[in-house]
Every structure is written in C-alpha cells, then in structure tokens.
Amino acid sequence: MLDLATSLVMALDRKSLEASVGLRLMVQASLVTAREHDAQISMDGDEPLALKAGLEPAIVDAVRLHGTPTDLARQEAVIIAFGRELFDKAQSVRDLRSRLGRSARDLVNLVSLMAQHAADAVLLAAFDRHLPLGEKTVVANS
C-alpha cells in the first residue's frame, strides 16, 4: 500500500511516466480523454502529437470516430476501453492493472494524466470554448 500511496503523492511525474510507459501511450491516454469529453480543442491539439509520437493512424481513427478498435495491440485496446469505461460509463475497473500489465504507479500516473485532461475538458466546456466558427474539427459528432 505504501507504493500506491507514494504513487499518489508523486502522481503525474511526467518524466517518470514517460520513461515507464512511453510518450506514445501517454498521448493515447490524453487523446482518449479528450474524445470521451468531446473536447474538440484538446482533440485537435492531441491528434498531431499522437501521430508524431508514433501512434498509428488506425488507433487515432478508432478514438476520433468512437469506433470499435480492431487489430490493436493489447495495451492500446485496453487504454481505449478503460477511458470509455471510466468517462463514458462512469465505472471503476478493478482489474485494470492486470489487464494493462503495468505497475500500480504507472496506473496511478496514467489515470492522473487522464484526470488532468478531463479537468481541461470541463474548463473548456464551462467557459464555452470551442474552435473558431467554420474551422474543421477532428472530433466526429456524437
């Protein structure tokens, strides 16, 4: 339990998280969070970063179009499913750690990253911030 408590105190140490799970998985978690909150500005900002970090276009499309991911690596599929379960269905997933195959610290840090992006989406929604009128978005209408 001490390891988990330490992880909570050190939550979102980005350099440590990047060293542990990689920028690619971090950006995917951010992308999923933005999509699940229909945060167009975040999604538009995160998508190019995701592609630059090496996330395959098929994964970006699955997230953007809210489609069912097929033929994805296990971790990528789990991140998408977890984000949807956490934000869309408002469920807690007890077996996520074993499903993702990561340490408790990694899990805390990934969820912290997702929470930060959820907070961004809430702020954007609260202040009615959207893309400029007529600017094309990458988020499909839900």
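The values are calculated or read from the model by the stated rules, or taken from the named source; none is laboratory data. Owing to the predicted nature of the structure, the values given are computational and were not obtained by experimental measurement. FYI the Cβ positions are ideal-geometry reconstructions off the backbone, even for glycines, and counts take in every protein chain you see.
Worth a mention:
- Looking across the stretch 32-50, the residues that are in a helix (DSSP H, G or I) and acidic (Asp, Glu) come down to Glu36, Asp44, Asp46, Glu47.
- Within the stretch 115-136, the residues that satisfy the criterion of being at pLDDT below 75 and not hydrophobic (A, V, I, L, M, F, W, C) are Asp128, Arg129, His130.
- Qualifying residues in the stretch 56-75 (those that are at pLDDT 85 or above and part of a helix (DSSP H, G or I)) - the one surrounded by the most Cβ atoms within 10 Å (Cβ to Cβ): Val63
- Against the test of being surrounded by fewer than 18 Cβ atoms within 10 Å (Cβ to Cβ) and within 12 Å of the chain's Cα centre (by Cα), the options Leu49, Leu23, Leu31 yield a single qualifying residue, Leu23.
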